Amino acid sequence: MRDTVKHDVKHDVQHDVLVIGAGVVGLSTARELARRGRSVTVVDRYPPGRTGPSAAESRILRCAYGSRAWYSALSWESVRYWRELEREAGEELLVTRGVLSLASTGPDGTAGPEWEEESHSALRQLGIPAERLSPGSARRRFPGLGTADLHFVLHEPASGVLRARRAVRALAASAERRGCRFVRGTATPAAGAVLVDGVACTADTVVWAVGTALPALHPGLTSARATAQVAYYLAADSAARTTPAPAPALTPALAPAPAWIDRNHAVYGIGAFDGRGAKVVPDVGTPLEAEPPPGGHRAGPPPALPDGTTAYLRRRFPALAGLPVASVEECGYAATADEEFVLGRHPAHEHVWLVGGDSGHGFKNAPAWGKYVCDAIDGTTTVHPRWRLH
């Protein structure tokens, strides 16, 4: 797809479908609507894959969701859609390297393995590949993993890591091949219409899939709040260590390894990937005060890992603990308190749809979620109350 697409909207102000937002959810929705025969125009300030979660280098695709089996099914369905996109694009977008959910004891000693237990049960019922590993088995399988405080490890061998930015660009190219038109501009709501760089545009259907901008553009209609998160990429070269190397048996943590999630300690990560060192993310969102720069990278030397995260790595992945931070990636999320998505009609304009509240787990689900959004728009499904505007 061309990196810069700019159409003049001044003489083309009436549309069939306007999708505002060229992130992974907007593109998935636009592409599916175009496949169904709709004439779709996508509006965004930036080219696809330049900002937000859709600009990340990588995203985890997991199916573990505790007792919320609907999301597990959605993730598993999305695997098929990502594979279809791979075949169309002619490149690997989803790298199957497995995902580990670490059933740990929380820092205060109260949180236990309930979420991982529920996840294992749901995955088995859905027929999604998953295995429960004892701490000893997990350590033998993954020698770089510290297991002293683990109840067990839930291993999803068929899950893995998405090349996020490349996946978004492949989605955009696919959408364009299906007839989607891309407009570069700043969109703001104007009752049931859309102002694009000040020009009023109307459409039979308007979809706002604008991520962190949704709460500000449509105040009072969703509880989603814009939060910021920082991903730390560690040095890929073990010669950069700042502390002595651990025992040789632990060094495989530096090599390609499964992605991992430790909910009770609010941290997740990905092993060395595509030439970059391990990615470590403290899963603690702070209020988003300023939009992250395009691509998520700011100029200047990267900050060090937070002390708590460094201490965590010493226990969990000792081979990573002494590596300096090579770069950071800032990302904005639109998170709801219950971590549910958001989908619904605007209460004053029934042709306007709001889609958001991805809560940090929307990327992997976007192809299947976009199809569900289109079913709701077409009237072939009724939006579940869990995704109501609130």
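Within region 148-162, the set of residues being assigned to a loop (DSSP other than H, G, I, E, B) and surrounded by fewer than 21 Cβ atoms within 10 Å (Cβ to Cβ) comprises Ala148, Asp149, Pro157, Ala158. Summed over region 181-203, the residues that are closer than 20 Å to Glu350 by Cα and in contact with a Lys or Arg (Cβ under 9 Å, 6 or more places away or on another chain) give a count of 1.
When each of Ser101, Ser72, Ser121, Ser67 is tested for being outside the structural domain of Arg35 (by TED's automatic domain parsing), polar (S, T, N, Q) and touching a strand residue (DSSP E or B) at 6+ places or on another chain (Cβ under 7 Å), the lone residue that passes is Ser101.
Within region 90-104, being surrounded by 16 or more Cβ atoms within 10 Å (Cβ to Cβ) and either in contact with an Asp or Glu (Cβ under 9 Å, 6 or more places away or on another chain) or more than 13 Å from Leu162 (Cβ to Cβ) (or both) holds for Leu93, Leu94, Val95, Gly98, Val99, Leu100, Ser101, Leu102, Ala103, Ser104. Evaluated against (1) within 30 Å of Ala69 (Cα to Cα); (2) assigned to a strand (DSSP E or B), Thr202 falls short on exactly one condition, (1).
Within region 222-243, identify whether any single residue is closer than 30 Å to Ala319 by Cα, assigned to a helix (DSSP H, G or I) and modelled with pLDDT of 95 or more, and answer yes or no. For region 222-243, residues closer than 30 Å to Ala319 by Cα, assigned to a helix (DSSP H, G or I) and modelled with pLDDT of 95 or more: absent.
The values are calculated or read from the model by the stated rules, or taken from the named source; none is laboratory data. In this text, all values refer to a predicted model and were calculated from it rather than measured experimentally. Reconstructed Cβ throughout: ideal geometry from the backbone, glycine too, with neighbour counts over all protein chains shown.
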